[in-house]
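Undergrad: Sharing a structure with you now.
The values are calculated or read from the model by the stated rules, or taken from the named source; none is laboratory data. Here the structure is a predicted model, which is why all the values come from computation and not from measurement. Positions of Cβ are backbone-derived with ideal geometry, glycine not excepted, and every protein chain shown enters the neighbour counts. The area values use the complete protein model at the heavy-atom level, side chains included, leaving out ligands, DNA and RNA. Shrake-Rupley method; radii C 1.70, N 1.55, O 1.52, S 1.80 Å.
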Amino acid sequence: MASRRSSREHALQVLFNWDLRGGDLWRAVDDFYDTLHSEEDHPERLTRDAFMEELVRGVTSQQEEIDKLIGQHSSHWRIERMPSVDRNVLRLSVFEMLSGKLPPAVIIDEALELVRRFSGDESVSFVNGVLDAVGRVVKSGKT
């Protein structure tokens, strides 16, 4: 079973691939699993990451609402002009905020870890600002 942190990293990888190439989400999920195992692995060793799949399914099914929220709180940045990693960290995090399973502060901390790892230092303050604003709106219930 994957940890919550690795599931979020995996979800980010799948969303990045899906966003970059377009097309079928489940093709991107299958491609991700294919990269985890070499030809020498036994098929029975392949384990699905249910939490990662829940995240990517949720993000893509609510993408329009999520992108609207991000756009409303990212002054001077259209979502399609954002770096793909930043855009998908934001999508992933906003989905989690909307689900209400964790406090926004925890989600923001996890998002900033992803940005530090997979994007650049200049993205940290941008992602933090957008998520802080979205978190306040979600907390107020005015989404």
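Undergrad: Compute the acute angle (0 to 90°) between the alpha-carbon long axis of helix 63-72 and the principal axis of greatest extent of the alpha-carbon atoms of the chain; round to the nearest 10°.
TA: Here the helix axis deviates by roughly 40 degrees.
Undergrad: Which trypsin sites (Lys or Arg not before Pro) from the stretch 45-143 combine a DSSP loop assignment with at most 11 other Cβ atoms within 10 Å?
TA: Values: sites: Arg45, Arg48, Arg57, Lys68, Arg78, Arg81, Arg87, Arg91, Lys101, Arg116, Arg117, Arg136, Lys139, Lys142; in loops: Arg48, Arg78, Lys101, Lys142.
Sites meeting the loop and neighbour criteria: Arg48, Arg78, Lys101, Lys142.
Undergrad: Of the residues Glu53, Glu96, Glu122, which exhibits the maximal mean-square fluctuation in a Gaussian network model of the chain defined by a 10 Å Cα contact cut-off?
TA: Comparing Glu53, Glu96, Glu122 in a Gaussian network model of the chain, the most mobile one is Glu122.
Undergrad: If you don't mind, there's one more thing I want to ask. If you fit an axis through the alpha-carbon atoms of helix 25-36 and take the longest principal axis of the Cα set of the chain, what angle between them do you get, 0 to 90°, nearest 10?
TA: Its long axis makes an angle of about 60 degrees.
Undergrad: Report which label in [x] -0.45, -1.11, -1.26, -1.32; [y] -0.58, -1.06, -1.14, -1.18; [z] -0.33, -0.91, -1.12, -1.23 holds the value of log10 I(q)/I(0) by the Debye sum over Cα atoms at q = 0.10, 0.17, 0.19, 0.20 Å⁻¹ derived from the coordinates of this structure.
TA: [z]
Undergrad: A further question on this structure: In a shell of Cβ-Cβ distance under 14 Å around Val127, excluding Val127 itself, what net charge do Lys and Arg (+1) and Asp and Glu (-1) give?
TA: Net of charged neighbours comes to -3.
Undergrad: Nearest 20 debye, what's the magnitude of the dipole of the chain about its Cα centre given +1 on Lys and Arg Cβ and -1 on Asp and Glu Cβ?
TA: Roughly 740 debye for the chain.
Undergrad: Leaving out ligands and nucleic acids, and using a 1.4 Å probe, what accessible area per residue does the chain come to in Å²?
TA: Per-residue accessible area for the chain comes out at 58 Å².
Undergrad: Tally up the carbon and sulfur contribution to the accessible surface of the chain as a whole percent, 1.4 Å probe, everything protein left in place.
TA: 50
Undergrad: Oh, and also: Calculate for the chain the 222 nm mean residue ellipticity that helices alone would give, adding -39,500 (n - 2.57) per DSSP H run of length 4 or more and normalising by residue count, nearest 500 deg cm²/dmol.
TA: It lands at -23500 deg cm²/dmol.
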